[in-house]
1. Touching a helix residue (DSSP H, G or I) at 6+ places or on another chain (Cβ under 9 Å), at pLDDT below 95 and of a type outside the set (Ser, Thr, Tyr), is that true of LYS258?
2. Return yes or no: is MET101 in contact with a strand residue (DSSP E or B) (Cβ under 6 Å, 6 or more places away or on another chain) and either buried (at least 16 other Cβ atoms within 10 Å of the Cβ) or not basic (Lys, Arg) (or both)?
3. Looking only at region 1-57, which residues are over 30 Å from ILE74 (Cα atoms) and under 15 Å from the mean Cα position of the chain (by Cα)?
4. So which residues in region 126-161 are under 19 Å from GLN111 (Cα atoms), touching a Phe, Trp or Tyr at 6+ places or on another chain (Cβ under 7 Å) and crowded, with 21+ Cβ neighbours inside 10 Å, if there are any at all?
5. Hey, does region 66-88 have a residue that's among the basic types (Lys, Arg) and in a loop (DSSP other than H, G, I, E, B)?
6. Search region 8-31 for residues that are in contact (Cβ under 8 Å) with a residue 24 or more places away in the chain and among the aromatic types (Phe, Trp, Tyr) and pair each with any residue that is outside any strand (DSSP E or B) and buried (at least 16 other Cβ atoms within 10 Å of the Cβ) when their beta-carbon atoms are under 6 Å apart and the residues are at least 6 apart or on different chains.
7. Would you point out which residue out of GLY220, GLY184 is within 16 Å of the chain's Cα centre (by Cα) and either surrounded by fewer than 22 Cβ atoms within 10 Å (Cβ to Cβ) or of a type in the set (Gly, Ala, Ser) (or both)?
8. Residues in region 187-201 that are modelled with pLDDT of 95 or more, over 17 Å from PHE112 (Cβ atoms) and basic (Lys, Arg): how many?
Amino acid sequence: MFNKPEGKKVKIGNTDMDYVVFGQGQKPLIILPGLGDGLKTVKGQLQAWLLANYYKQFGKEFKIYIFSRKNQLIEGYSIREMARDQRAVIEKLGIKNADVMGISQGGMIAQFLAIDYPELVKKLIIGVSVSRQNETIQRVVKSWIHLAESNDYKALTIDTMEKTFSEKHLKKYRVFYPIISRIGKPKSFSRFLIQAKACLNHNAYEELEQIKCPTLIIGGDSDKVVGKNSSEEMAKQIENSKLVVYKGIGHGAYEETKDFNRQVIIFLLATTLE
């Protein structure tokens, strides 16, 4: 299966960063989660086991590192600065020639990692993400910011679910809304708000052509968070890229289809880009 996942911390500046590490492989695979990190980090043994179980099929070939953002964030913290801090942590841990997968906001960070620090990234996977602003992401994230500022965790949780998953998947979840919306409320929304505002200012579109490593871009054609064509426009900008778009699935493609992780594994283990 997989070795026992370890929850760890690494010092960065005047704060630290939580991460989970597991897997029997030698090749490093870095995974950067999305905006949900603003509500719940990877800290905690239960969270470590859940993540390790979800990504267990990668464990045979890879040593997997799943990173949260650092624990003390300041107002105005940008996606590019997140990538800068991620680079500092990667180097501090002695990780070299890593494959990097970013989901949603994690995909934004991964873009700047590949642009600004190409020597660190062997292969890149960008999942359900966006390279520049559009009407959809502005409207949705601003609504989430409003709910967080209003301390309305229930509405924020439910709207996130409704925007993320397809109707077919939501039928399984809606019965649990009364429970889900009462569990995991953070003591403060400041971390979420800082990360959400960073999403609203992300723009790497004009620089994507600088990404030269093999890149896999995965999205859904019904994405209600980052827009319907965000994956396609990234693929047009990154020359050495492969595009996978799922029909009838949106922002939750990474969870709704098992083919998501299958595509990632095929891409990572391939010697050439098909």
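1. Values: touching a helix residue (DSSP H, G or I) at 6+ places or on another chain (Cβ under 9 Å): no; at pLDDT below 95: yes; of a type outside the set (Ser, Thr, Tyr): yes.
It is false that LYS258 is touching a helix residue (DSSP H, G or I) at 6+ places or on another chain (Cβ under 9 Å), at pLDDT below 95 and of a type outside the set (Ser, Thr, Tyr).
2. Against the criterion (in contact with a strand residue (DSSP E or B) (Cβ under 6 Å, 6 or more places away or on another chain) and either buried (at least 16 other Cβ atoms within 10 Å of the Cβ) or not basic (Lys, Arg) (or both)), MET101 qualifies.
3. Of everything in region 1-57, those that are over 30 Å from ILE74 (Cα atoms) and under 15 Å from the mean Cα position of the chain (by Cα) turn out to be TYR54, TYR55.
4. Passing the criteria: GLY127, VAL128, SER131.
5. Here is the first cut: in region 66-88, the residues among the basic types (Lys, Arg) are 69-70, 80, 84, 87.
Keeping just the survivors that are in a loop (DSSP other than H, G, I, E, B) gives none.
The answer is no, given that none of the residues of region 66-88 is among the basic types (Lys, Arg) and in a loop (DSSP other than H, G, I, E, B).
6. PHE22/PHE2; PHE22/PRO5; PHE22/ALA52
7. Testing whether each residue is within 16 Å of the chain's Cα centre (by Cα) and either surrounded by fewer than 22 Cβ atoms within 10 Å (Cβ to Cβ) or of a type in the set (Gly, Ala, Ser) (or both) leaves just GLY220.
8. 1
The values are calculated or read from the model by the stated rules, or taken from the named source; none is laboratory data. Keep in mind the model is a prediction, meaning the values are calculated, not measured. No Cβ is skipped: glycine too gets one built from the backbone with ideal geometry, and neighbour counts run over all protein chains shown.
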